[in-house]
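The values are calculated or read from the model by the stated rules, or taken from the named source; none is laboratory data. Since we're looking at a predicted model, the values are computed, not measured. Cβ: placed from backbone, ideal geometry, glycine included. Neighbour counts: every protein chain shown. Note: accessible area is taken over every heavy atom of the protein model, side chains too, but ligands, DNA and RNA are not part of it. Shrake-Rupley method; radii C 1.70, N 1.55, O 1.52, S 1.80 Å.
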Amino acid sequence: MSLDIQCEQLSDARWTELLPLIQQYQVVRLDDCGLTEVRCQDISSALRANPALTELSLRTNELGDAGVHLVLQGLQSPSCKIQKLSLQNCCLTEAGCGVLPGVLRSIPTLRELHLSDNPLGDTGLRLLCEGLLDHRCHLERLQLEYCNLTAASCEPLASVLRAKPDFKELMLSNNEIGEAGVRVLCQGLKDSPCQLETLKLESCGVTTASCRDLCGIVASKASLRELDLGSNQLGDAGLAELCPGLLRPSSRLRTLWLWECGITAEGCRELCRVLRAKESLKELSLAGNELGDGGARLLCESLLEPGCQLESLWVKTCSLTAACCPLFSSVLAQNKSLLELQMSSNKLGDAGVRELGQGLCQPGAVLRVLWLGDCEVTDSGCSSLASTLLANSSLRELDLSNNCLGDPGVLQLIDSLRQPGCALEQLVLYDIYWSEEIDNQVRALEEDKPSLRIIS
């Protein structure tokens, strides 16, 4: 049983209603509910009375150090079997971390801990790691994004990685750990028997030199499935350092995020070798890189190779134009694995969208999700899209937000969506404005076709 409440300010009467449920449910989520230290004594008592609890989430509540302490006291009863705890954005500071070692020692069932968006700092992190290193702690997944950590936190974390063979996930994005910190973490991983599956280092000051260290990890950790390096200035040189590790037979990476990494078409050459060779790679984000149509050409050539089994590609804000759309059209017509394509914020225009539609109209098209927000599509482009929606049987979600559409364009889309043969389930039209008459038609269509959602 699950108690799941979000974004609700809880009155005293409502709180009185909920307390007995907190004592009974296996999963309790009270996210962004305006909870403060005042409610935490009640929560603590309710938790002590609930031996069935396996998951607790109190994200985005201003509990503070004292409130978090009370909640953790409630989880320290011998009967507690909690496995997943989220205290993200709960105003826990380094001063409140002193209780963490004792808590982690006393809850051997805990496997997943989310502490992101709390200003723990390096001092708080050291206290946390003291608990993680205890033999009674069996944590496997740890989230520490936006925690004011620096390179000084990486040695304690490396010690945890060396000591805990069951550790599977480490999320450190948006902490300025820098090149020195990444090197220490990679050394810890190199020395560790842990079967790490996920490593997130977005916006961490990762550099070209860091990619040499990370290359060794992706080559040696066959367990690694997801590597997130977005918003780091790796550049083409960094990608060239990383790709040899990705090409090793032992690398089984599934998800690679490289958004806003300073990559150009030249960097795509190295990456395309990986796409052609690694069937294990399923998700790739290159959003926010200046790939241009030249980079798009290289990507499309790789997507047409039988060794490429990519399922999701993000090339949002990559300086693409209509000139690359015939290439993507061929991919959409022939590729049997690509299910999701994010092309928003590129100047594709009506001509580019028309080319994409031709690919989607082919009998073999399998794409399910297509983002074309802010692509300079007009009412004229909606004519080809409306035809595509009738001819294509695979597409389920289409995003046309923030394009220059008016009543004529939206009406063409509505006419296609009305047809029984149209398989689309979700149309996203944020920042598109239409008349009251069209709005009435949109609402009527949603009533007539419950399987369809039009989000605006």
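Do any helices (runs of 4 or more DSSP H) entirely within segment 1-85 hold 3 or more residues that are touching an Asp or Glu at 6+ places or on another chain (Cβ under 6 Å) and of a type outside the set (Val, Ile, Thr), and if so, which?
Because the criterion is at least 3 residues that are touching an Asp or Glu at 6+ places or on another chain (Cβ under 6 Å) and of a type outside the set (Val, Ile, Thr), the helices (runs of 4 or more DSSP H) in segment 1-85 that meet it are 64-74.
On the basis of being within 18 Å of Leu113 (Cα to Cα) and open to solvent by 60 Å² or more (accessible area, probe 1.4 Å), does Gln26 make the cut? The answer is yes for Gln26.
Rundown of residues vs (1) out of contact with any His (no Cβ under 9 Å at 6 or more places or on another chain); (2) without any contact (Cβ under 8 Å) to a residue 60 or more places away in the chain; (3) open to solvent by less than 10 Å² (accessible area, probe 1.4 Å); (4) closer than 15 Å to Gly357 by Cβ, yes/no style:
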site	(1), (2), (3), (4)
Gly406	yes, yes, no, no
Gly409	yes, yes, yes, yes
Asp415	yes, yes, no, no
Arg418	yes, yes, no, no
Glu425	yes, yes, no, no
Leu429	yes, yes, yes, no
Trp434	yes, yes, no, no
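Here are the criteria: (1) open to solvent by less than 60 Å² (accessible area, probe 1.4 Å); (2) at pLDDT 95 or above. Tell me which single one Gln83 does not satisfy. The single condition Gln83 does not satisfy is (1).
Given the criteria farther than 24 Å from Ser312 by Cβ, touching a Pro at 6+ places or on another chain (Cβ under 6 Å) and of a type in the set (A, V, I, L, M, F, W, C), does Cys194 qualify? So Cys194 fits the description; yes. When segment 253-277 is filtered for residues that are within 17 Å of Glu179 (Cβ to Cβ) and open to solvent by less than 10 Å² (accessible area, probe 1.4 Å), only Cys261 remains. All conditions but one from (1) more than 25 Å from the chain's Cα centre (by Cα); (2) of a type in the set (Val, Ile, Thr); (3) surrounded by 19 or more Cβ atoms within 10 Å (Cβ to Cβ) apply to Thr123; the one that does not is (3). Selection within segment 401-413: residues that are in contact with a Phe, Trp or Tyr (Cβ under 9 Å, 6 or more places away or on another chain) and in a loop (DSSP other than H, G, I, E, B). The member of this set that is nearest to Leu372 (Cα to Cα) is Ser401. Scanning segment 172-184 for residues that are under 22 Å from the mean Cα position of the chain (by Cα) and among the hydrophobic types (A, V, I, L, M, F, W, C) turns up Leu172, Ile177, Val182. What tally of residues in segment 132-168 results from selecting those that are touching a residue at least 40 places away in the same chain (Cβ under 8 Å) and either among the acidic types (Asp, Glu) or touching a helix residue (DSSP H, G or I) at 6+ places or on another chain (Cβ under 6 Å) (or both)? Selection size over segment 132-168: 1.
Close Cβ contacts (under 6 Å, 6 or more residues apart or on different chains) running from residues in segment 113-128 that are closer than 13 Å to Cys91 by Cβ to residues that are part of a loop (DSSP other than H, G, I, E, B) and open to solvent by 10 Å² or more (accessible area, probe 1.4 Å) comprise Ser116/Gln88; Ser116/Glu145; Ser116/Tyr146; Asp117/Gln88; Asp117/Asn89; Asp117/Tyr146; Pro119/Thr93; Pro119/Asn148.
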